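Student: Below is one structure. I have some questions about it.
The values are calculated or read from the model by the stated rules, or taken from the named source; none is laboratory data. The shown structure was predicted, so the numbers you read here are calculated from the model rather than taken from an experiment. No Cβ is skipped: glycine too gets one built from the backbone with ideal geometry, and neighbour counts run over all protein chains shown. Areas reflect the complete protein model, heavy atoms only, side chains present, ligands, DNA and RNA absent. Shrake-Rupley method; radii C 1.70, N 1.55, O 1.52, S 1.80 Å.
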Amino acid sequence: MGEAKKWDENTSIRVGAVSLRTTPLDFKGNVERVRTFIKKAQEGGVHILVFPELCLSGYECGDFFWHPWVAAAAWEALLSLLPDTQGIWAAVGMPLEIGGRLYNAAAFIGEGQIGGFALKRNLPNEGVFYEPRWFTPAPIDRLVEPKSGAPAGYALPFLWNGYHIVIEICEDAWRPQRPLEVTHAHIALCLNASPYEMRKAERRRRLIQESSYRYHCVYAYANLLGNEAGKLIYEGESMIAWEGRILGATRRFSYEDGEWVWVELSTAQLNRSARKNTAPIPQNPIPIPSEPLRGEETFTSSHDHFAHLSSNNIWEELTEAIAMALWDYLWKSHSRGFVVSLSGGLDSAACAILAQLALTWAKERLGAEKYAQRLSYMPKGQLPQVHAFYQSTAQSSKETFRRAQMLAKEVGIAFYAWNLEDVVQAYERKVEGWLGRPLSWEQDDIARQNLQARARIPALWMVANLLGALLLTTSNRSEIAVGYSTMDGDTSGGLAPIGGVAKADLREWGLWAAERFGWPTLREITLSTPTAELRPGGQADEEDLMPYPLLNKLEISLVREGLSPRSLKALNVPSEWADKFIRLFETSQWKRERLAPAFHVDGHDLDPRGAGRFPILHALRQNS
């Protein structure tokens, strides 16, 4: 840690990578953050720097990319950076319009000039990605950007101080005929908008290590940071590798505007390594201006650039990811806190805990001054907090009340309790007057359960409105898959923090978190039988549905792996449970269409506006 290692006494090259917190269409803010890190890199003596994909506009502009003013604003943002690039070259992501077509591009800028534009060819069109909706793949032939006269194309080779530099943009690095395959490079720069998913970090690290080893180059990888637009989470972790080793990486899940890392290698090392690279030597590389490299120099920096790679504990990663995403959602939406219906069960406990960690970690990691700056929209003297409400009816137990109250005390959350049985009875009397008979559990079970869930929501919305706070939806992904929820009841809210987490995974997380943070009540909640407490005589979620691990297996098989209903029934599961899952999944899409936004944290999600686009009316069961 500390000062960069001097590999030998020869001339050396410093390469840097930046993780950047961006917001779609925040051209002023995005540019200032880019400018800040260019300046830091200049002060650190960095020669070559890479930023994330589409960082000038924001990656998740969606259909705003169709609006011509977005590309125009990105162009003006790029031009504003040029005067600040003396002594450094930087690859910066942006949407670029050429000849009436929009490209996902990386501008290579330095010494006050535009050296060229790398254009992305492999546009992802699966899961949460819809790039072909807006962008055109890079053509085979090289183009010329007319306003600058700079070349634009796929796998453009740049020549800087006698060294070949090639730029890859995210998906291009995962596909055949990637830029590093078609042209020799001493240094490769990779711009990314790679969202967090559980168990994904190690795959990403292997790609970077293998790229640097296979092509014998310095491989600098830059990724976005934070909750950019509401649902996707970017953990950062920009990395630089050489000859199969990761030499440096930025911190993951940072609350800062960005993080950066640089490494230094001698020219002798680069030359010796590059001789083993068998990719074709570019015949007509694009020369870019540069000052001659000098020998030993003295650089100044106040930052530690060589952060260790974080642990691979998936529950720690998940906690960090959702907490950071909640914090970003809070301040970007100018919300003044969080409201949670704390039932004494695991789902609501997780939401309350993650919201509290978001506020606690933001204050600890940003420091008082930056924390206050982020919250400058708050009324004077106020700070955001989590407000948890236990709302009982006749079916609520003393045990769940006790657990909710004790958990709130252990975690440090404001706790309130009120009884809503009078509200439920008032509604039931009105409906009985219309129905002409008393309601009964034997005849009206589901309707009476749903009424209790819905009776809890109006007051919570009122509290959220009065506080200017964000009401959190407590549904998990397993419930969402089979519609085990009440519309306008427990599904109500502005954001579903655990809507992308399977219940089986949430149970493992609960046991880990209870031990990690020292919350015994969370362990008790996690080990208790999940119950909605909406029906008299006791109720268990897994009796209403099926064992959660089995439900998760069926969901993954259908949604992520694409198995047919008939194939689901051939799995080693009871056929009646497979039939039940298929029926419930088919009839629940209308509920999924109305859910609050949920974070994408796993290999798939069920967001109908994102990765889970299924028809509302269909005949899935007929194929079983």
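Student: Output the number of the condition that Y221 fails; it satisfies all remaining conditions of (1) under 29 Å from S57 (Cα atoms); (2) part of a helix (DSSP H, G or I).
Tutor: Result: Y221 fails condition (2) only.
Student: Further, regarding this structure: Out of (1) surrounded by fewer than 19 Cβ atoms within 10 Å (Cβ to Cβ); (2) at pLDDT below 95, what's the single condition that is false for D579?
Tutor: (2)
Student: Out of all the residues in region 135-147, which are open to solvent by less than 50 Å² (accessible area, probe 1.4 Å) and either outside any strand (DSSP E or B) or closer than 17 Å to L191 by Cβ (or both)?
Tutor: Within region 135-147, F135, T136, A138, P139 meet the criteria.
Student: Output the helices (runs of 4 or more DSSP H) that fall wholly within region 260-374 and possess 1 or more residues being under 30 Å from Y548 (Cα atoms) and either over 21 Å from the mean Cα position of the chain (by Cα) or at pLDDT 95 or above (or both), or say none.
Tutor: 314-332, 346-374
Student: Test T486 against the stated conditions and say whether it is open to solvent by less than 20 Å² (accessible area, probe 1.4 Å), without any contact (Cβ under 8 Å) to a residue 40 or more places away in the chain and at negative phi.
Tutor: yes
Student: Moving to a separate point now. Open to solvent by 20 Å² or more (accessible area, probe 1.4 Å) and aliphatic (A, V, I, L, M): is that true of L568 in this structure?
Tutor: no
Student: Does region 114-130 contain any residue that is farther than 25 Å from H600 by Cβ, in a loop (DSSP other than H, G, I, E, B), open to solvent by less than 50 Å² (accessible area, probe 1.4 Å) and touching a residue at least 60 places away in the same chain (Cβ under 8 Å)?
Tutor: no
Student: May I pose another question? Just one of the numbered conditions (1) in contact (Cβ under 8 Å) with a residue 60 or more places away in the chain; (2) among the hydrophobic types (A, V, I, L, M, F, W, C); (3) surrounded by 16 or more Cβ atoms within 10 Å (Cβ to Cβ) is not true of W242; which one?
Tutor: Unmet condition: (1).
Student: Using beta carbons and a limit of 7 Å, which pairs, at least six apart or on different chains, have the first residue in region 367-392 and free of Cβ contacts under 8 Å to residues at least 40 places away in the same chain and the second one among the polar types (S, T, N, Q)?
Tutor: Close Cβ pairs satisfying both conditions: S392/N419.
Student: Examine region 190-199 for a residue that is farther than 27 Å from A323 by Cβ, open to solvent by less than 10 Å² (accessible area, probe 1.4 Å) and at pLDDT 95 or above, and state whether such a residue exists.
Tutor: Yes, the conditions are met somewhere in region 190-199.
Student: A further question follows. Residues that are under 17 Å from F389 (Cα atoms): find the helices (runs of 4 or more DSSP H) completely inside region 428-520 holding 1 or more of those.
Tutor: Here the list reads 441-455, 457-467.
Student: Is it true that E76 is among the acidic types (D, E), in a helix (DSSP H, G or I) and either over 23 Å from R121 (Cα atoms) or open to solvent by 10 Å² or more (accessible area, probe 1.4 Å) (or both)?
Tutor: So E76 passes the test.
Student: I'm checking my understanding of the structure. Among residues of region 15-36 that are open to solvent by less than 10 Å² (accessible area, probe 1.4 Å) and not β-branched (V, I, T), which one is farthest from W69 (Cα to Cα)?
Tutor: G16
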